[in-house]
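Right, one structure below, let's go through it.
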Amino acid sequence: MAFDETPTTWLANWSEDGTNITVPIATFPELTAAEADASTGDIRKIVFAIIEKLYQTWIGTAAADRPTKWTMAKTATVSTIRNVIASRYTITIETEINTQEVRDEYSSSPSHTVSHTASHTPSHTVSHTPSHTASHTPSHTASHTPSHTVSHTPSHTASST
């Protein structure tokens with residue numbers, strides 16, 4: 001199969017009328033109507049629900065069916081002391097330099113990457129091997145607070161920079 005770019009593939013029941021887009025709240029398992037309310041909701045919960053839904057769809061899509069000009073990765077670290085999960089998403093979207101238009105998937109033209117930071121990442125690297133690391137060793141950080149972390153970092157990224 002191949003990458004399907006239609007919005008309904010990634011967000012069920014997506015619709016648009018030429019002016020507005022509509023997506024049922026139920027599309028996002030992490031979101032309730034109260035959290036999405038226009039006047040009393042919480043934008044942090046909305047952002048988390050959208051990104052988490054896209055990520056779950058991403059990892060549930062066969063590697064051969066994912067886009068190459070849009071990649072996602074997630075790292076989740078658990079602190080049992082603070083009773084929190086810190087989720088870090090890495091989203092990369094390739095755009096054309098002059099227009100900021102998302103690059104076509106079939107584009108074979110060379111990518112001219114503009115970077116303001118040094119990169120030692122090899123080009124054209126594809127990794128689809130999840131890494132499951134559990135650590136229950138106290139961490140000696142500046143605060144000297146022990147941290148019990150569980151990290152789940154699926155490496156589902158493709159880079160063509």
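The values are calculated or read from the model by the stated rules, or taken from the named source; none is laboratory data. All values reported here derive from a predicted model rather than from experimental measurement. Backbone-built Cβ (ideal geometry, glycine too); neighbour counts: all protein chains shown.
Considering region 84-102, and only residues there that are of a type in the set (D, E, K, R) and modelled with pLDDT of 90 or more, the residue that is surrounded by the fewest Cβ atoms within 10 Å (Cβ to Cβ) turns out to be Arg88. In the condition set (1) closer than 17 Å to Ile93 by Cα; (2) crowded, with 16+ Cβ neighbours inside 10 Å, Phe28 is compliant with all but (1). Of all the listed residues (Ser79, Ser135, Ser160), the sole one being surrounded by 14 or more Cβ atoms within 10 Å (Cβ to Cβ) and modelled with pLDDT under 50 is Ser160. Cβ-Cβ distances below 8 Å connect the following pairs, each with a first residue in region 70-92 that is within 17 Å of Ile50 (Cα to Cα), a second residue that is surrounded by 16 or more Cβ atoms within 10 Å (Cβ to Cβ) and among the acidic types (Asp, Glu), and a separation of six or more residues or different chains: Trp70/Glu94; Ser87/Glu52. Do we have any residue at all in region 51-69 that's modelled with pLDDT of 95 or more and over 24 Å from Arg103 (Cα atoms)? Checked region 51-69: no residue is modelled with pLDDT of 95 or more and over 24 Å from Arg103 (Cα atoms).
Please go through region 54-109 and give me each residue that is outside any strand (DSSP E or B) and in contact with a Leu (Cβ under 9 Å, 6 or more places away or on another chain), ordered by number. The answer is Leu54, Thr57. Determine if region 9-24 includes at least one residue that is within 19 Å of Glu105 (Cβ to Cβ), surrounded by fewer than 15 Cβ atoms within 10 Å (Cβ to Cβ), of a type outside the set (A, V, I, L, M) and at pLDDT below 95. Among the residues of region 9-24, at least one is within 19 Å of Glu105 (Cβ to Cβ), surrounded by fewer than 15 Cβ atoms within 10 Å (Cβ to Cβ), of a type outside the set (A, V, I, L, M) and at pLDDT below 95, which makes the answer yes.
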